[in-house]
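Peer 1: One structure, as structure tokens, below. Some questions next.
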Amino acid sequence: MKISIITVSYNAQNYIAQCVQSVLNQNYSDIEYIVIDGNSNDNTLSILKNFGNAIDILISEPDKGIYDAINKGIALATGNIIGILHADDYFANNTVLSLVAGAFNMRNIDVLYGNLDYVNKINTNVVVRKWRSHIYSNNLIKNGWMPAHPTFYAKKECFIKYGNYDVNFSSAADYDLMLRFLYKSNLKKYYLNIVMVKMRTGGASNVTYKNRWLANRQDYQALKKNKIPFPLKAILFKPFRKILQFF
């Protein structure tokens, strides 16, 4: 079972090497690695080229944002399973994709998600937040829960049938896609209860209060689009779930 991993980068020279190396270190062999770079103007592209043929597909060109770039990667992917690993994230250990493949092979599932650690941007040995997921239920979605997007894997046929990332969302396209796959569509889900990804703190949607307000507005629109009942309740509950991740 081939797994396609898509990394989107733009001016990511500080962290891209660790991201790529964590993919290459996986002890699962049937991996297709796709990197879509947004025409970086720092050293990102030269760092990527140093990996040579270890990166199966490398494209560097202007795009319309992160979700447009991810969609490019999905269009190029030939794997049975597709996952995303952002340029400043890395796999928690070298067995993650073996466990992902094993779950898809043994459990007849369509989508999978797991746990994530937020780590200090400088000292990644310091865990700042622990995002622990749950066995899926619709009630969780209705009450503001969502899995960590960097741990989310789906069969390619799911993207073909239910669509890619909606680029009309500037920050909530990942939320929209997971709502579409998990809640709106009748897909078989599985919670892989391991830490799959280490993610550096400092996401774009949380940089300022204005960005956070705009992100909440888009989350609300994604909830309405996917016909989640009482979407405002989900928006109000989301921050409380995040607070618990600090303890």
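Rule-based calculations on the coordinates, nothing more; no lab input. Keep in mind it's a predicted model, so treat the numbers as computed, not measured. Cβ coordinates were reconstructed from backbone atoms using ideal geometry, including for glycine residues, and neighbour counts include every protein chain displayed.
Peer 1: For Phe230 and Ser29 in one chain, what is 0.36 nm times their gap in residues minus the Cα-Cα distance, to one decimal in nm?
Peer 2: Using 0.36 nm per residue and subtracting the Cα-Cα distance, I get 67.9 nm.
Peer 1: Can you compute the label reach from Leu214? Point 7 Å from Cα along the Cβ direction, backbone N cut-off under 13 Å, restricted to region 163-203.
Peer 2: 169-172
Peer 1: So if each residue of separation counts as 0.36 nm, and I subtract the Cα-Cα distance between Asn108 and Asn138, what length gain in nm does that give?
Peer 2: Result: 8.8 nm gained on full extension.
Peer 1: If you don't mind, there's one more thing I want to ask. Per residue, what volume in Å³ does the Cα convex hull of region 3-244 take up? Working shown, then result.
Peer 2: Working: hull volume 29.2 nm³, N = 242.
So the per-residue hull volume is 121 Å³.
Peer 1: Apply 1/(1 + (r/R0)^6) to the Cβ-Cβ distance of Ser98 and Asn193, taking R0 = 22 Å, and write down the FRET efficiency to the nearest 0.05.
Peer 2: 0.90
Peer 1: Indicate the gyration tensor shape class of region 115-159 (rounded, prolate or oblate), computed on the Cα atoms with a ≥ b ≥ c the square roots of the eigenvalues: a/c under 1.5 is rounded; otherwise a/b larger than b/c is prolate and the rest oblate.
Peer 2: Working: a/c = 3.52, a/b = 1.59, b/c = 2.22.
Oblate is the answer for region 115-159, as a/c is 1.5 or above yet b/c matches or exceeds a/b.
Peer 1: Please say if region 104-247 is rounded, prolate or oblate, where rounded means a/c under 1.5 for a ≥ b ≥ c the square roots of the C-alpha gyration tensor eigenvalues, and otherwise the choice is prolate for a/b larger than b/c and oblate otherwise?
Peer 2: Oblate, since a/c reaches 1.5 and b/c is not below a/b.
Peer 1: Under a crude label model (7 Å from the Cα following the beta-carbon direction), how far is Asn11 from Lys64 in nanometres?
Peer 2: Distance between label points: 2.2 nm.
Peer 1: Of the cross-linked pairs Lys184/Lys225; Lys2/Lys156; Lys142/Lys242; Lys64/Lys225; Lys130/Lys155; Lys161/Lys227, which ones have a Cα-Cα span greater than 20 Å in the structure shown? Can you show the working numbers first?
Peer 2: Working: Lys184/Lys225 10 Å; Lys2/Lys156 11 Å; Lys142/Lys242 15 Å; Lys64/Lys225 22 Å; Lys130/Lys155 26 Å; Lys161/Lys227 18 Å.
From Lys184/Lys225; Lys2/Lys156; Lys142/Lys242; Lys64/Lys225; Lys130/Lys155; Lys161/Lys227, over 20 Å: Lys64/Lys225; Lys130/Lys155.
Peer 1: Could you give the angle, 0 to 90 degrees to the nearest 10, between helix 96-107's Cα long axis and the longest principal axis of the Cα atoms of the chain?
Peer 2: Tilt of helix 96-107: around 60 degrees.
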